[in-house]
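The values are calculated or read from the model by the stated rules, or taken from the named source; none is laboratory data. Just so it is clear, the structure is predicted and the values come from calculations on it, not from any experiment. Here the Cβ is made from the backbone with ideal geometry for all residues, glycine too, and neighbour counts use every protein chain on show.
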Amino acid sequence: MKCEAVRSLVAGYLDDELSESQASPVRQHLLDCGECRKLMQAQTAEKSWFVPTEPMAAPEGFAARVSRRAFAGDKGLLTPVSPQDTGGGEFRILQFAIQMTAVAAAVLLILALGMKFSAHPEGAELRADSSDLREALETMDRLNREERLELPGEGSAGEFQPTATEAGK
């Protein structure tokens, strides 16, 4: 089979709508053709998003109401509902939620701009080659030793004891 023919049958193949005489050549082509196999895998992934549900029963008289409105010229367009028609409570809550979302977005934008334009270390200050790293570790060790000397009543049990390799650095 050609790719064009298989691509048109992939959806039916995935839904088990093809007869065995139609499905067999499609299956063989999918084994041989990587591009069509990718298409089938993509459609399988898309199909997994749709979960079958129980059929819903229409309310009694629904078809008659729809037919009557259609024959009367109703196009089914929704008209805006005023807050007075809904009692106003739900409308006010929605309006408040939208306003708070806008305020939160503005605050986040201001924070993002502040972070963008604040001073950050850059350039040569951020280098981490071996000499800078060794110097940084030595500075940290020195600061830790100074801090231990300043703490009164600390015993030697909690202190850092350098190994032979660390002491030689």
Report summary line: Expected output for segment 36-59 (first residue under 13 Å from Asp15 (Cβ atoms), partner outside any loop (DSSP other than H, G, I, E, B) and small (Gly, Ala, Ser), Cβ below 8 Å, 6+ apart or cross-chain) is Gln43/Ala11
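Would you check which residues across segment 41-56 are of a type in the set (Val, Ile, Thr) and not in a loop (DSSP other than H, G, I, E, B) and list them? Lay out the reasoning, then the answer.
From segment 41-56, those of a type in the set (Val, Ile, Thr) are 44, 51, 53; that's our starting set.
Once the filter is applied, which keeps residues that are of a type in the set (Val, Ile, Thr) and not in a loop (DSSP other than H, G, I, E, B), segment 41-56 yields only Thr44.
Kindly indicate whether Ala128 is under 43 Å from the mean Cα position of the chain (by Cα) and at pLDDT 75 or above.
Numbers: under 43 Å from the mean Cα position of the chain (by Cα): yes; at pLDDT 75 or above: no.
When the stated conditions are applied, Ala128 does not pass them.
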Query raised in the report: So is Gly76 within 40 Å of the chain's Cα centre (by Cα), under 20 Å from Arg7 (Cβ atoms), exposed (fewer than 10 other Cβ atoms within 10 Å of the Cβ) and not β-branched (Val, Ile, Thr) or not?
Result: no
